[in-house]
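Colleague: One structure is given below, represented as structure tokens, and several questions about it will come after.
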Amino acid sequence: MNLLPEAASGFAGKVDNIFWFVTVISLVFFILVSSFLIYFAIRYRRRRENEETPYITGSHILEALWTVIPSILLIVIFAYGFLAFREIRTPPSNTLEINVTGRQWLWQFKYNNGKTTVNELYVPEGKPIRLIMKSEDVNHGFYVPAFRVKQDLMASMYTQLWFKATKVGTYDLFCTQYCGTGHSAMLGKIIVMAPQEYEKWEKGEQKEKVAGVSPAEQGKQLYTQRGCNACHSIDGARIVGPTWKGLWGKEEVMQDGQKVTVDENYVRESILEPQAKIVNGYPPVMPSFKGVVSDEDISAIIAYMKTLK
Amino acid sequence: MEEMAEHAHAHHVDPVVEYQSSKFGMWLFIATELLLFGGLFTAYTIYRAKYPEMFHEQHLELNKPIGAINTVILICSSLTMALGVASIKRGKQELLRLFLSLTILFGIMFLINKYFEWGHEFRDGNYPGTSIFFSLYFMMTGLHMIHVIVGLLVLAVMLAWSFTGRFSDKYNTPIELGGIYWHLVDLIWIYLFPLLYLIG
Amino acid sequence: MANHTLAEAIQIPYLEEKGLISWITSTDHKRISILYLLSISTFFVVGGIAALLVRLELLTPGKTIVDAHTYNTLFTFHGTVMVFLFIVPGIAASFGNFLIPLMIGARDVAFPRLNLLSWYLYIAGAIIIVASLLQPADTGWTFYTPYSIRTGTDVILLTFGIFVAGFSSILTGLNFIVTIQKLRAPGMTWHRLPLFIWASYATAILQVLATPVIGISLLLLIAERVFGIGFFDPAKGGDPVLFQHFFWFYSHPAVYIMILPAMGIISEVIPVFSRKPIFGYKAMAYSLLAIAFISFLVWAHHMFTNGISQLAAMIFSFLTFLVAIPTAIKVFNWTATMYRGSIDLKSPMLYALSFIFLFAIGGLTGVFLAALAVDVHIHDTYFVVAHMHYVMIGGTVMGFLAALHFWYPKMTGKMFNEKVAKVAWAFIFIGFNVTFFPQFILGTEGMPRRYYDYLPKYQPLHELSTIGSWILAIGLFLMAINLIRGLLNGEKAPENPYGSLSLEWQVPSPPPHENFEEIPTVTDWTYGYGKKQ
């Protein structure tokens, strides 16, 4: 395991340089102090009970030395850290904007072309991206370790962050401000594509690589990709919503007493209009996935649910 | 000196040091109260800057006359409290009892006014939670009111003790400390009143 | 105890009177300190069990022993109990209460009955906090809004318990300030005071000035849940970042309430076990005050990614670097104290040296966090968890254990087994580092904190950390057993087994009520080791 993740953004290298700079200075001082402690403890260990010791109360020179030198180093580290921070926090003028909505417990991304994705952020390599972010409920935090970038989402105001991805690849996205039961399940991926690939994706030509996969298998992938796993378990445990284990074909009782069998239509309605029917004993907190999941996706999810006995 | 020595605590400390320590301790406690209310005054400042129209519109719904009367009542109560302290420092036991009783009476009048004032607000549909302005209003005057009640309880205990001859010109520290606390309660109101009722 | 004359009281060792009632109604600062010592140790164990459960859950990704919601309540409870029932009262309430009057040559604190009331308030707060376990809160000990407003768990009882315990802290601080200022023995000038007294004084100022702010913050949070007042609720036009400002305005000075007394302890232990005066006494004394003062100015360094402006971030980062300077000076001065000394590596000294070693790591990693660009990467990750535990355990707990072992003979009148103490120390030192050092790496690699579940790539380091927690627990258990055995059948302690010059060592072990037959007149400072008469 390395100490730091791969550096995949324009300013990641700068951040890492500061990190290593502070590490070196810290190691120097730490080794210095520890060495003296250990050396003194051994060299001056008590040999006789009443041995004499010198009455040394201090030294102005030493005090000055070890006040001034650390102060200078600290100011340097401060300046270094602040200047890089300015760059991290000040987006250039030619950014591509993407809107981010955080909610318990998934990420929703809206692009300029009207597309919406859940938990997967698609960006082109080499172009500055600006994320305009807001929470729909509690505080969340948008964190991409590989980019060395982080900013909280609040419901009371828009926050922003910017980055320029420098390497094609897929990177972890974590929620980093504690937001309740599904906090650690609020995972995502940043998918950085080469500019031509990105253009194709924007125009809708990019098909997600699911050729040759059965609907049930596709549904299994969608279960985590679309964030269903944040609230619905597949092992019988209750997270927020009903577990999918054994759910297919079950007769559920709704809040208003209505009895409904879990079939294709009910699942489709729950995904697109979740507030229409609430199962008794569960909170009415499921967001709608209209515009976020396609009909093909819904069919795949249904196929997957059928396998969860 | 004997009365002083009687009241010096069981750990055998010089009475003069005990008196100075008690006063110092009281002022430290006052500092903590200022910080407690300071949080509310900070919230007031921030939200006033953020929502000036809300403050302007909604403060007009407050009852200025009652607020003003209550301010006068508290100032009078501070006066009687100060007179009480001065009296016992001259050894005047009956005057102490008189002024303590008057102070308590003024405090009760303040609370009665508050009862009617808040009742009126509730009937108008203004509760804590109605808006940030009314939340501030109720939290600030509410916390203040709790301090008034506690103060009155303390003064009542002082009054009861004053009937046992416990206080004299030689020993009156609790009265003096109670006075300092009561003046703080008054002072906080003197800031609350204009900020909530007057400034548009 | 109430009605003895001075002559009678001075003959009675403070431990002598038996019976629960005599203990819980005593106004003797030494008895109150033992009450605190037992209470905070109990809650240390309670908080520690919660921690072991947290680490056990983190042994594997996904569910190991509990579900996500239970895990969230566990780390909330761990944080709250450890912060408010163990480490904030911590050294001040236990050792401060025992030592301050003795070290300054007084018979007791300025307000003994207030002292007892402080302990009652602590217990009342603790009971309320435990009562919240019926519906344990899942907000984290930081209670950020709006989640803390929305969650259906019992936030009100938990925060009200903290509010009540906060009064204990305020009144203790008030008591100590007045005591140190007013009750010093003749000749005990400020510049002759032991550094533990300076540290206690600085801590007490923080307790008095900072604690009311958490008081009002929690009160307002309760009002949010009960009345919906809206100050911190975005749905009502309120500002969640304002809550964070309120919260951290106290909680940053609070971490200095946690560490300053421990620093005072180290300044007492190192000179005794080196037989040398503390190096640079004035710098050591004033640096305590400087740290206390600057601690009020840095709170928003907990909020660099939470929505504050670039300018605010710059200012708070700069001020945070400032507080590192007096802190660094202390580390150098402690080390220099040992130069040409007569070093005795008894268990108190081992703990004190561990403090310097581990607190240096904790403090240096604070520099990483203060550097803005780096903080963006490591904020809210395990790096912060590691940093805070290095300063709190590597710092405060090591100081606490140093104090426990150093003053044990004075407080109990008995000696413990020194060999076993050293073995326990080794387990604690190793276990602590194995638990928390890997967490720095987890953090720089991006592992966020407060995570129930984690990506498989993080598992090896989590496993290592959990194993470390078991080693640490064994060490603490061994240490406790050793000290309890000492109480039951340890040797009788002499008046001054370690040759200290401080006033508390010039009275019997254990000391009597009222401490001194005659209040001493002080003619020199307490660090006269090696001074030619």
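Colleague: Using +1 on the beta carbon of Lys and Arg, -1 on that of Asp and Glu, and nothing else charged, what's the dipole of the stretch B:56-200 about the Cα centre, debye to 20?
Modeller: Around 640 debye, computed over the stretch B:56-200.
Colleague: Please compute the Kirkwood hydrodynamic radius over chain A, one decimal place, Å, based on all pairs of different Cα atoms.
Modeller: 23.5 Å
Colleague: Give me the lysines in straight-line cross-link reach of residue A:306: C-alpha distance below 21 Å, same-chain residues under 8 apart excluded.
Modeller: Once the sequence-local lysines are set aside, what remains near residue A:306 is A:220, A:245, A:250, A:259, A:277.
Colleague: May I ask for the angle, rounded to the nearest 10°, between helix C:418-444 and the longest principal axis of chain C, with both axes built from Cα atoms and the value confined to 0 to 90°?
Modeller: So the helix axis and the longest Cα principal axis differ by about 30 degrees.
Colleague: By how many nm would the segment from residue A:20 to residue A:279 lengthen if fully extended, with 0.36 nm per residue of separation less the alpha-carbon distance?
Modeller: Computed gain between residue A:20 and residue A:279 is 87.9 nm.
Colleague: Something else: So what is the 222 nm mean residue ellipticity for chain B from helices alone, if each DSSP H run of at least 4 adds -39500 (n - 2.57) and you divide by all residues, rounding to the nearest 500 deg cm²/dmol?
Modeller: -28000 deg cm²/dmol
Colleague: Could you name the lysines in cross-link range of residue C:414, using Cα to Cα under 22 Å and dropping any fewer than eight places away on the same chain?
Modeller: Cα-Cα hits under 22 Å: C:18, C:30, C:346, C:422, C:492.
Colleague: Above 17 angstrom, tally the Cα pairs of the stretch C:396-448 and express them as a % of all pairs, no decimals.
Modeller: Across the stretch C:396-448, Cα pairs with separations above 17 Å total 53 percent.
Colleague: Also, quick follow-up: For the pairs A:167/A:200; B:114/C:236; A:110/A:150; C:276/C:532; A:110/C:457, flag any whose C-alpha to C-alpha distance is greater than 24 Å.
Modeller: B:114/C:236; A:110/C:457
Colleague: Let me ask something additional. With contacts defined as alpha carbon pairs under 8 Å and 6 or more residues apart, what's the relative contact order of chain B in percent?
Modeller: 33 percent
Colleague: From the P(r) of chain B, could you give the percentage of C-alpha pairs in the tail past 29 Å?
Modeller: Of all Cα-Cα pairs in chain B, 33 percent lie more than 29 Å apart.
Colleague: Take residue B:68 and residue A:254, extend 7 Å from each Cα along the Cα→Cβ direction, and tell me the distance between the two endpoints in nm.
Modeller: Placing both labels 7 Å beyond Cα along the Cβ direction yields 6.1 nm.
Colleague: Using θ = phi - 60° and the Karplus curve 6.51 cos²θ - 1.76 cosθ + 1.60, what whole-Hz ³J(HN,Hα) does each residue of the stretch C:316-326 get, with Gly and Pro shown as x?
Modeller: 5, 5, 4, 5, 5, 5, 4, 5, 5, 5, x
Colleague: Just for the protein assembly as shown, what percent of DSSP beta bridges are antiparallel, to the closest 5?
Modeller: Here the antiparallel bridges make up roughly 70 percent for the protein assembly as shown.
Colleague: Turning to a different aspect of this structure: Can you give me the angle between helix B:132-162 and the longest principal axis of chain B, using Cα atoms only, in degrees from 0 to 90, rounded to the nearest 10?
Modeller: Taking Cα atoms only, the helix is inclined about 20 degrees.
Colleague: Select from chain A the helices, each a whole stretch of DSSP H, whose alpha-carbon atoms run 18 Å or more along the helix axis and whose Kyte-Doolittle mean is at least 1.6; answer none if there are none.
Modeller: A:12-43
Colleague: Could you tell me which trypsin sites (Lys or Arg not before Pro) in the stretch A:237-299 are loop residues by DSSP with no more than 16 other beta carbons within 10 angstrom of their beta carbon?
Modeller: Answer in residue order: A:238, A:245, A:250, A:277, A:290.
Colleague: Over all pairs of distinct alpha carbons, what does the Kirkwood formula give as the hydrodynamic radius of the stretch B:87-171, in Å?
Modeller: Result for the stretch B:87-171 stands at 14.9 Å.
Colleague: Report the label-to-label distance for residue A:199 and residue B:24 in nanometres (one decimal), using points 7 Å from each Cα along the Cα→Cβ vector.
Modeller: 7.9 nm
Colleague: How far, in degrees from 0 to 90, does helix C:382-391 lean away from the longest principal axis of the Cα atoms of chain C, to the nearest 10?
Modeller: The angle comes out at about 10 degrees.
Colleague: May I pose another question? Grab the alpha carbons of the stretch A:215-306, take their convex hull, and tell me the volume per residue in Å³.
Modeller: Output value, Cα hull per residue: 85 Å³.
Colleague: Suppose only helical runs count, i.e. DSSP H with n ≥ 4. What mean residue ellipticity at 222 nm does that imply for chain A under -39500 (n - 2.57) per run, divided by all residues and rounded to the nearest 500 deg cm²/dmol?
Modeller: -11000 deg cm²/dmol
Colleague: First obtain the Kirkwood hydrodynamic radius of the stretch C:311-426 from its Cα pairs, then insert it into the Stokes-Einstein equation at 25 °C and 0.890 mPa s, and state the resulting D in µm² per second as a whole number.
Modeller: Value of D from the Cα-based Kirkwood radius: 152 µm²/s.
Colleague: Give me D for chain C in µm² s⁻¹, whole number, from Stokes-Einstein with Rh from the Kirkwood sum over alpha-carbon pairs, 20 °C and 1.002 mPa s.
Modeller: The diffusion coefficient I find is 90 µm²/s.
Colleague: Determine which aspartates and glutamates satisfy two conditions relative to residue A:290: a Cα distance under 18 Å, and not lying fewer than 8 residues away in the same chain.
Modeller: Residue A:290 reaches A:120, A:136, A:264, A:269, A:273.
Colleague: How far, in nm, would the chain grow between residue C:485 and residue C:49 when pulled straight, counting 0.36 nm per residue and subtracting the alpha carbon separation?
Modeller: 154.7 nm
Colleague: For the stretch A:23-89, state the semi-axes of the equivalent ellipsoid (square roots of 5 times the eigenvalues of the alpha-carbon gyration tensor), sorted largest first and rounded to whole angstrom.
Modeller: Equivalent ellipsoid of the stretch A:23-89: 38, 16, 6 Å, largest first.
Colleague: Just want to confirm a number: the relative contact order over the stretch C:108-206, from Cα pairs under 8 angstrom separated by 6+ residues, in percent.
Modeller: 37 percent
Colleague: Here's something else I'd like to know. For the stretch C:67-155, what relative contact order do you get, as a whole percent, if you take Cα pairs closer than 8 Å and at least 6 residues apart?
Modeller: 43 percent
Colleague: Next up: Where the Cα atoms of the stretch A:84-185 are projected onto their three principal axes, how long is each span, largest first, in whole Å?
Modeller: For the stretch A:84-185, the Cα spread along each principal axis is 36, 31, 25 Å.
Colleague: Using just the alpha carbons, could you tell me how many Å³ per residue the convex hull of the protein assembly as shown encloses?
Modeller: Hull volume over Cα atoms, normalised by residue count, gives 184 Å³.
We did not get these values from a lab; they are worked out from the coordinates using the rules stated. No experiment lies behind these values; they were computed from the predicted model shown. Virtual Cβ from ideal backbone geometry, glycine too; neighbours counted across all protein chains shown.
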